[in-house]
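To start, the structure itself, in structure tokens.
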Amino acid sequence: MAYTISPSMGEPYTVSALIVITLGGFGSMTGSLVGGLLLGVIEAVGMDLTSPSLKAVLSYGVFIAVLLWKPNGLFKQ
Amino acid sequence: MKRDLLVLLALVGWALALPRYASEFVVSLALTCLMYTALATSWSLFCGTTRYLSLATAAFFGIGAYTGALLLQQAGWVGTIALAAALSALVALVMGAAVLHLRGTYFAVLTFGMAELIRHAITLWEKRVTGTVGRLIAVVPEADTVYVTVLVLAAAAVLTSIVVRASRFGLAMAGIGADEQRAETLGVDTRWVKIGGFAITAAFAGAVGAAMSVRWTYIDPATVFNPFIGFQTVLIALVGGAATLWGPLIAAVVFSLLAETLRLQAPQVYMMALGLLLIACVLYLPGGLASLRWRWRWPEWRKGVA
């Protein structure tokens, strides 16, 4: 796969990273790791099972559901 | 409070007379100023005083714009604006009930996530169910009507701010911003105060969205739910001074002028200026642009303003 390089190429990842960190709980290394894996796998499997246009809805939906269930993230001490 | 009302009256009178003698470009520039004034003032009404940083403005703006596009033909102009405000407030009630117990970064990121979820859900809905991408707005009211509407909304936002600041409700919000637990101990029903404040903010954003959507004549989720609308509102309020009454208005004018003069000639310089201005304000002027003058000249005014 080839990517073009541009100053704004990091923008989507900034948002994803912030979401993953919040999902895992601020200050928790394990949380970020598990949160990142969880979101990535759910996104990929979900897209395979349903359709690619659901990708964003799926990841934001999972993120909001988890935070409503555990308001301080998954692994906040 | 009396002085604030007089200043508001003078500003509204001046803005009302503007289309009579200014060129079309100046009027459209003033419209942008008014739009950001309404958004930033209503945002800081709740988020500035309680320090709940909401990034969901884009969602309410978009909901308003879509309401406008779908209902303009049936409901008439004023009815559409009112419906858009009501619908946005309703969404804010539900959203606020779910997330307003979270504080700080969690609240900010979650409101951003919800705004994005709404945007993608509507995109998906359009793709799957209605089979459209975006909406055309065929019947457009006159430019003067739009200008006066947005002016009324901006004036209403400032007026609401003035009234709320002097009321029990406003004091409760300020108390939540200073120390939420203490406010709760002192008998403030923090839950309903927060949800109510959030709904007021959302109603204004929705109404502005509905009023501005007709300016574009073609809207799609990517434009009206653009997260940049939310970011820019927060940026303006912070640079102007989110805890002050006139700060967001001053910053909205500064930003709109900057945007119109720089964006066309040098878009990169515009973005860089935006970033530098924000960094400088956060580092050296935490009270915002509004604190400049009051700190230098009229220290006794700070009591009435801050």
For the range B:142-265, what is one quarter of the convex hull surface built on the Cα atoms, given in nm²? 9.1
All-pairs Cα distance distribution in the range B:200-297, expressed in whole percent, bin size 5 Å: 2, 12, 17, 22, 20, 15, 8, 3, 1, 0
Kindly provide the pair-distance distribution of the protein assembly as shown built from C-alpha pairs, with 10 Å bins from 0 and whole-percent values in order of increasing distance. 5, 21, 32, 27, 12, 3, 0
Long-range tail of P(r) for the range A:1-61 (Cα pairs > 15 Å, %): 58
If you count, for each residue, the other Cβ atoms within 10 Å and average over each peptide, how do B:6-15, B:251-260 line up from highest to lowest? B:251-260, B:6-15
Kirkwood Rh (inverse of mean 1/r, distinct Cα pairs), the range B:48-147, angstrom: 15.1
When the gyration tensor of chain B is built from Cα positions, what are the square roots of 5 times its three eigenvalues, in whole Å, from largest to smallest? 29, 24, 19
Take peptides A:24-31, B:209-216, B:142-149 and line them up by average Cβ neighbours within 10 Å, highest first, as a rough protection proxy. B:209-216, A:24-31, B:142-149
Semi-axes of the equivalent ellipsoid for the range B:1-83, Cα gyration tensor, largest first, Å: 24, 23, 13
Ranking request for peptides B:227-238, A:54-65: highest mean number of other beta-carbon atoms within 10 Å first, then the rest in descending order. B:227-238, A:54-65
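FYI, it's all coordinate maths here, none of it is from the lab. Every value quoted in this text rests on a predicted model; they were computed, and no experiment measured them. All Cβ positions, glycine included, derive from the backbone under ideal geometry; neighbour counts span all protein chains shown.
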